[in-house]
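**Student:** Input: one structure, supplied below.
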Amino acid sequence: MTPRIGFLGAGRVGTTLALGWRRVGRDVRAAWSRSGRKISDVECLPAPQDVLDACDVVFVTVADAAVESTASAVTWSDRHLAVHCAGALDLDVLEAARRAGAKVASLHPLQTFADPDTTLTTLRGAAFTIEGDDESAALLSTLASDLGGRSLRLPAGHRALYHASAQYVGAFLTTLLRESAFLWRALGVSERDALAALVPLAVGTLRSAEAVGPVGALAGPLARGDAPTVERHLAALPEAHLDLYRALSLRALELARERGLQDDVAARLFALLESP
């Protein structure tokens with residue numbers, strides 16, 4: 001049977017998934033949004049229960065803090081599959097649906113969500129992490145494939161750790177770009193022009209890491225054991241940036257040692273970075 005898909009919540013994630021599945025011919029039947037926001041070509045119903053009455057597979061795509069309360073405010077049955085898309089939440093937030101006889105699962109696209117058209121492009125090749133029983137996981141894997149994604153089963157009870165790991169290459173990467181661009185102000189370069197120079201560097205680094213792994217892709221003075229350059233960096237950086245530079249450099253040194261940096265060279269760099 002072709003599932004009738006519905007959404008409780010019409011934010012970036014819900015809207016993007018709904019539009020993507022509509023475009024590949026899936027039966028995206030209905031959606032509800034507390035704000036009244038509508039999804040193009042999807043019927044917007046006045047109450048969340050209306051979506052459950054019309055659909056079999058219901059994605060709870062409200063804000064993470066509202067997933068449990070939203071799922072608890074409607075009446076589920078054994079014909080439903082309740083799915084949340086929150087990276088850090090375990091399945092217990094859907095306990096109300098489970099108690100009513102519904103199957104419960106999670107599907108988290110491991111990608112940054114911007115506008116739907118841009119995100120649907122970046123979802124091709126992205127991982128969609130799945131938690132649930134075999135039947136539910138098989139359906140969600142097919143839905144991920146519809147969008148060009150790769151499915152990955154996660155063990156129960158580790159969602160927060162998984163989501164925290166994603167922060168390093170999601171929000172933290174964005175933060176590092178901003179930090180780097182900020183330093184270019186001292187050079188008289190605008191943030192826009194700085195990012196035009198820095199983003200290709202970041203993209204090239206990621207491509208190298210994809211090709212040869214993080215250790216093989218490490219470059220710069222730490223990789224080659226260039227203590228004088230690191231010392232010049234420390235002298236040039238504003239006080240507010242030193243702690244972050246030191247912390248990241250110490251982690252990068254671990255990669256440099258894996259790459260073959262001699263122990264005595266690494267020791268000099270460790271001493272330089274750990275000194276006040």
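**Student:** At 4 °C and 1.567 mPa s, what whole-number value in µm²/s does Stokes-Einstein give for the translational diffusion of the chain, with Rh from the Kirkwood sum over Cα pairs?
**Tutor:** Rounded to a whole number, D works out at 61 µm²/s.
**Student:** Where the only charges are on Cβ atoms (+1 Lys, Arg; -1 Asp, Glu), what is the dipole of the stretch 167-274 about its Cα centre, to the nearest 20 debye?
**Tutor:** Details: 11 positive and 13 negative charges, 47 e Å.
Using Cβ point charges on Lys, Arg, Asp and Glu, the stretch 167-274 gives about 220 debye.
**Student:** Something else about it: Which whole number of Å³ per residue matches the convex hull of the alpha-carbon atoms in the stretch 167-274?
**Tutor:** Dividing the Cα hull volume of the stretch 167-274 by its residue count gives 103 Å³.
**Student:** Here's another thing I want to ask about it. Normalised by the empirical 2.2 N^0.38 Å for globular proteins, what value does the Cα Rg of the stretch 17-108 take?
**Tutor:** After normalising by residue count via 2.2 N^0.38 Å, the value is 1.01.
**Student:** Before anything else, pin down the relative contact order of the chain: Cα pairs under 8 Å, at least 6 apart, normalised by residue count, whole percent.
**Tutor:** Dividing the mean separation by the residue count of the chain yields 11 percent.
**Student:** Could you derive backbone 3J(HN,Hα) for the stretch 253-261 from the dihedral phi with the Karplus parameters 6.51, -1.76 and 1.60 (θ = phi - 60°), listing whole Hz in sequence and x where the residue is Gly or Pro?
**Tutor:** Listing the rounded values in order: 5, 4, 5, 4, 5, 4, 6, x, 4 Hz.
**Student:** Could you size up the charge dipole of the stretch 24-170 around its Cα centre, putting +1 on the beta carbon of Lys and Arg and -1 on that of Asp and Glu, and report it in debye to the nearest 20?
**Tutor:** The calculation lands at about 220 debye.
**Student:** Can I ask one more? In nm, give the distance between the simple-model label positions of Ala114 and Leu154, each being 7 Å from the Cα along the Cα-to-Cβ direction.
**Tutor:** 2.4
**Student:** Could you work out how much longer the chain between Val24 and Phe172 gets when fully extended? Use 0.36 nm per residue separation minus the Cα distance between them, nm to one decimal.
**Tutor:** Numbers: separation 148, 0.36 × 148 = 53.28 nm, distance 3.31 nm.
Going from the current span to full extension adds 50.0 nm.
**Student:** Which whole-number percent is the relative contact order of the stretch 167-274 (Cα, under 8 Å, 6+ apart)? Before the final figure, lay out each step's value.
**Tutor:** Details: 63 pairs, mean separation 24.5, N = 108.
Taking the mean separation of contacting Cα pairs over the length of the stretch 167-274, I get 23 percent.
**Student:** Shifting gears a bit: Which FRET efficiency, nearest 0.05, do Thr75 and Ala127 yield, Cβ-Cβ r, R0 25 Å? Numbers along the way, then the final one.
**Tutor:** Values: r = 33 Å, r/R0 = 1.33.
Rounded to the nearest 0.05, the efficiency is 0.15.
**Student:** Follow-up question, since we're still on this one. Would you kindly calculate the mean projected area, averaged across all directions, of the convex hull enclosing the Cα atoms of the stretch 4-158, in square nanometres?
**Tutor:** On the way: hull surface 31.2 nm².
Its average projected convex-hull area is 7.8 nm².
**Student:** Compare the Cα positions of Leu89, His233, Val265 along the charge dipole of the chain (+1 at Cβ of Lys, Arg; -1 at Cβ of Asp, Glu; about the Cα centre) and return the one farthest towards the positive end.
**Tutor:** His233
**Student:** Please give the length that would be gained between Ala54 and Thr2 if that part of the chain were fully extended, namely 0.36 nm times their separation in residues minus their C-alpha to C-alpha distance (nm, one decimal).
**Tutor:** Working: separation 52, 0.36 × 52 = 18.72 nm, distance 1.34 nm.
Stretched out fully, the Ala54 to Thr2 stretch lengthens by 17.4 nm.
Just so you know, all these numbers are worked out from the coordinates, no wet-lab data involved. Note that the structure is predicted; figures quoted are calculated from it, not measured. Glycine also receives a Cβ, built like all others from the backbone with ideal geometry; neighbour counts cover every protein chain displayed.
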